[in-house]
1. What percentages, rounded to whole numbers, describe P(r) for the range 115-177 computed over all alpha carbon pairs with 5 Å bin width beginning at zero?
2. Short version: ³J(HN,Hα) in whole Hz for each residue of the range 131-140, in order, from phi by Karplus 6.51 cos²θ - 1.76 cosθ + 1.60 (θ = phi - 60°), x for Gly and Pro, what are they?
3. For C102, what residues show an amide H to amide H distance below 5 Å, using hydrogens built from the backbone and excluding near sequence neighbours?
4. Multiplying the sequence separation of V15 and D148 by 0.36 nm and subtracting their Cα-Cα distance, what value in nm do you get?
5. If you take every residue apart from D131 with its C-beta less than 15 Å away from the C-beta of D131, what net charge results, scoring Lys and Arg +1 and Asp and Glu -1?
6. What value, in deg cm²/dmol to 500, does the helix sum -39500 (n - 2.57) over DSSP H runs of n ≥ 4 give at 222 nm once divided by the residues of the chain?
7. With all pairs of different alpha carbon atoms counted, what Kirkwood hydrodynamic radius in Å does the chain show?
8. Multiplying the sequence separation of D131 and S71 by 0.36 nm and subtracting their Cα-Cα distance, what value in nm do you get?
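The numbers here are math on the coordinates, done by the rules we state, and not lab data. The shown structure was predicted, so the numbers you read here are calculated from the model rather than taken from an experiment. Neighbour counts are summed over all protein chains in view; Cβ atoms, including those assigned to glycine, are modelled from backbone coordinates with ideal geometry.
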Amino acid sequence: MSRRIPIIPTIITAVGILILCALGKWQLDRRAWKHDLIERLAAAPNLPLVSPEEFRAAMMGDVSIQYRRASIDCRAGDKKPYDLRPGSSAGGTSGFYVVVSCRPNSRPPDIVAVAGWTKRVDAKDIVITLDHQLTGTVIERPYGNAPDRPRFMLIPDEAIPPLGRPLQPRAADLPDNHLAYAGQWFGLAITLAAIYGLYLRRRPVAPAAKPE
């Protein structure tokens, strides 16, 4: 008497294990990419301030100025905020970033700045006097790929009074869960192999062929 290995279930299980292992390997590759990204972003604030030439190149997508330091002249006069976005204060308290456009007109801005932080949900309706030189950290695509939205946002070191100082972004705060995800995929592959091995052990034994 012998156990015959079923061909189709074995092939399906093998393919499943290979897919799960490939997903685990992909997460390990992503982890290496993320570590390289974090290292580059951590070094970005130490570079010189973004120049007009670099800003134009970033607008064209030729270079990245993510987490670079920049200074903009924000003298648009009295204006209502461009937007109100969830954000934390320099002390880590949850609230809102008061986002402003430094353009003196109503044209869609290429870059916006965080005037400061507040807890007030009605802050978007409060006029702010914009007559400041703002220096801080640049964030690329704060609105994703939404059309007619700014490509960049500046989070300044200091807020426009009476607003509070916003929390500065740090490369170290970027999520890095790829090793845990890889462990999950590899764990599922091991589990699938173990379950199928147990299934094979418990299959009925085929009777031996009777001699003629």
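1. The distribution over the range 115-177 is 4, 14, 19, 21, 24, 12, 4, 1, 0, given as percents.
2. Working through the residues one at a time gives 8, 9, 9, 10, 10, x, 9, 8, 10, 8 Hz.
3. A113
4. That pair, V15 and D148, stretches by 43.4 nm at full extension.
5. That works out to 0.
6. It lands at -11500 deg cm²/dmol.
7. 21.3 Å
8. In short, 20.2 nm is gained.
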